1. Take the residues in the stretch B:676-697 that are more than 7 Å from chain A (Cβ to nearest Cβ) and out of contact with any Lys or Arg (no Cβ under 9 Å at 6 or more places or on another chain); name whichever of them is least open to solvent (accessible area, probe 1.4 Å).
2. Restricting to strands (runs of 3 or more DSSP E) lying wholly in the stretch B:355-462: which have 1 or more residues that are over 25 Å from B:S548 (Cβ atoms)?
3. Only one of these is surrounded by 17 or more Cβ atoms within 10 Å (Cβ to Cβ) and at pLDDT below 75: B:F13, B:F30, B:F44. Name it.
4. Pairs only if they're at least six apart or on different chains, beta carbon under 7 angstrom, first in the stretch B:84-101 and over 15 Å from B:I50 (Cβ atoms), second surrounded by fewer than 16 Cβ atoms within 10 Å (Cβ to Cβ) and at pLDDT below 80; list them, first residue then second.
5. Just name the residue that is farthest from the other protein chains (Cβ to nearest Cβ) out of those in the stretch B:617-673 that are of a type in the set (V, I, T) and over 18 Å from B:I701 (Cβ atoms).
6. Surrounded by fewer than 18 Cβ atoms within 10 Å (Cβ to Cβ) and in contact with an Asp or Glu (Cβ under 6 Å, 6 or more places away or on another chain): does that describe B:T463?
7. Which condition number in (1) more than 14 Å from chain A (Cβ to nearest Cβ); (2) buried (at least 16 other Cβ atoms within 10 Å of the Cβ) is the one that B:D700 fails?
8. So which of A:T47, A:T14, A:T24 ends up being at pLDDT below 85 and on the phi < 0 side of the Ramachandran plot?
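The values are calculated or read from the model by the stated rules, or taken from the named source; none is laboratory data. Predicted model only: the values in this text are computed from it and were never measured. Positions of Cβ are generated from backbone atoms using ideal geometry, with glycine treated the same way; all protein chains shown enter the neighbour counts. For the accessible areas, the whole protein counts, side chains as well, though only heavy atoms, and no ligand, DNA or RNA atoms are used. Shrake-Rupley method; radii C 1.70, N 1.55, O 1.52, S 1.80 Å.
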Amino acid sequence: MNEAVMEYDEPLTTDYHTQYLTFTLANELYAVDILRVKEIRGWKQPTLIPNAPDYIKGLINIRGMIIPVMDLRVHFNIGSKEYTPTTVVIVLSVKQGTTSRTMGIVVDTVADVVKVAESALASALPVKGTISAETISGMINIKKQTATVLAVEKLFELRKSNDRKLKSNE
Amino acid sequence: MTIDVEQFHQVFFEECIENLDILEQGLLTFGNAAVDDEIVNHIFRAAHSIKGGAATFNFIDIAEITHELEFILDQVREGSRRLLSKDLTHMLTAVDAVHKIVEMRKGGNKTPLANQQVVITLLRCIANSESQDITEKQTDIQKINNPSELLDPTSHHDEVKQTLQINRNNAEQPVVNEWEVIFIPSRHIFLTGNDPIRFIRELTELAELTVQTNIKQLPDWEFIEPEDCFLSWYIKLTGAITKSTILEVFEWIADECQLTITPLKKEEAIQQEEVIQQEEPDTSSQSFVEISPAELNKKSSQTQELASVKQEQAPAINIGNQSIRVNVEKIDHLFDLVGELVITQSMLSDLGSRLSLDNLDSIERLQSGLAQLLQNTKELQESVMQIRMVPISFIFNRFPRIVHDLANQLGKKVDLKIEGEGTELDKNVMEQLVDPLVHLVRNALDHGIEETESRLQAKKPVTGVIKLSAYHRGGIIVIEIFDDGVGLNRQAILSKAQTKGLIKSSEHLSDAQIFDLVFEPGFSTAKTVTGVSGRGVGMDVVRKNIYSLGGHITVESEQGNFSRFQIILPLTLAILDGQLVKVGSETYVIPLNTIVESLQMVPDAIQQISGALEVYRLRRENIPIIRLYELLNITPVNTSLTSALLVVVEADGNKFGLLVDDLLAQQQVVIKSLEANYDKVPGISGGTILGDGTVALILDISGLVRLITDELFVKPCAA
């Protein structure tokens, strides 16, 4: 993983800058606010949760805390993938009032850390892909690629839409 | 240099509620027997610290009400008043009002309480009634002065105010004085949440002031500590006030300031000088001159009060917004254990540095060291668990009041007996147990205990008995609510259940099964709906709450004689003895207390009955087989029942067999909530972390069974 901070290639302003962690799902680039990222760890088979939605892969233990792991590919409907050694779990944490919630998301690879001026954060496109609009907080252009910035808080809410569909077999 | 006083609010509220409980319990004992001095002092102190705290944090309404309470209690303490039962009722109402305000403020609600003025007026009426003559005879002027303190004059009830005013004027008309007050707050006064200005401002309401601020103590800029107070004041007071009135203003911070009050106009009667000053060794200076014995007594008793109130405050441990008060003994024990652990650790590391394979002796010592470590860890764990345990008197103590009020309201005579209030229970369990218990006790009083005439007809003693008891039995806690009333009406329950369609008329049911029906939603056999109970909500909620705590509830009753509700709960929610089982590739934990037995199935005993229902004949019982892998949606390793392993569990009185692939170890597991980061999972009560660092889920047997009964087959008793 490249730890170096890559400057966003537009003229620097006095704007407030936010750092994002970018990662890939299939051939798409995504980004999350780096302040929400607690740690990045390798994929390990989690404990299955009975009758959970298919994008919830299970539960893992991080230092005594039990957290759910969500497969974003499955959740965003962009196909599924065999888990490989480069498959990583990004542990995200959100503070809601006095409690904080933690969750892991499975992504293909972690790409980079970028620093972006707030003004460079474009709003989401008016047309919809397979991701629900409220999960997206905007877009950023990074060199030739465009990253979708995810609203981490919304990801946590979606986890609750547990539709309890009973699959016959995995 | 403002300090966020709000951070102390939580502590104040908690102390307030504790003190209100003390007040309430104390007042209730007044009703029974001769007034015990110890109790009066105790509850007086409680009222006093609420008042002081409320005034400090600017909860004026709380301060006003408790002030009136304190005033009455003070009279009781001095022996100049006897409380009538009418007075007690009013005082209890006042306690309730304060309780309500505290709850409101706690929730951030700042609106004033609607009946606050009524409460205050009631209390004033008590205070001014019967014993007024006596007080006057006692020539203790201070007491009559008291009511005006802290009160906003506009809030006075007019009539009462006038009488008070007259009394006050009569008593002190000739006293127009000039006082010189030197007020030196302790340097750390802001840290205690007090603002000296507030007290000076209070003085302005009493007399005319000339204030000079002394800034000589102010250090240079570079040495200034923004949270310390370097100022002191010279205050000149002119007005119709006595020294005690001035002292009362500063009473709350008596410990935190140095106060010198000198009369300027020398009048013989009040030629006094006094310095009150405690704690603060570094600023200690001159002691005092000439104190009238009366004043001295008053002061010393006050400071004693403050001191003893402080001592009563056990150390509190903060857990986020909540806190627990823990017995110091438990903490000490924990300290000892940690000490031992440190010793074991150093012994082991010493051993580790000198360990060699040739030396068999050292391996033996390593083993014994590890055994010791195991012992330490276990004790430490137990002792930490102990901290979460609080005596059930936390709940039980509120019942004398509830029963007292309700019995009055219903016109019934009831004797409440409480046993085993020292039984300790996990704090979380305790909190969720309050509502169910209150409900059951109210039911017992309302439905159970009969009217006086019916009791006489039935040749029972006129006074009914309600008994609350709690005790340990093995790893569980049993809480019983017993009443010697009418008992449950088997026939009424049956017919009601039939009309509700819960059972078929032809069914043969045991008493236990019939009584169990009262926990069904919408079930009430009360003929009339009273304000107390009988609205058909409640019992099902009671059962639900107790289920969610991992416990269950049973009823025993004999018509015309008694009914007894038994709540059975696990000792703690945080740790359980579990049986680890393997289903497919997953490991699950089954709580050991739910397991009846585990067996390898004999092919002959397996049958399929009543429509693809698999049962296992165990001795005389038919036990439904639950294929866990189906229910939990796991890829099975083995789907054939023949010689597979069955774990027979019991839930809500019914037995079920869980099909598992393998039985692993039995061990204690620490329960972790899944809801903190995920959601409730049906059939799963939580997770735990195994020795290898992976997560294992703990099966919630009752939940699992409900999952099945909801989806797969109909309830055993329902058609």
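1. B:L690
2. Ranges flagged: B:414-419.
3. On inspection, the qualifying residue turns out to be B:F30.
4. B:S85/B:G31; B:L88/B:G31
5. B:T642
6. yes
7. Of everything listed in (1) more than 14 Å from chain A (Cβ to nearest Cβ); (2) buried (at least 16 other Cβ atoms within 10 Å of the Cβ), B:D700 misses just condition (1).
8. A:T14
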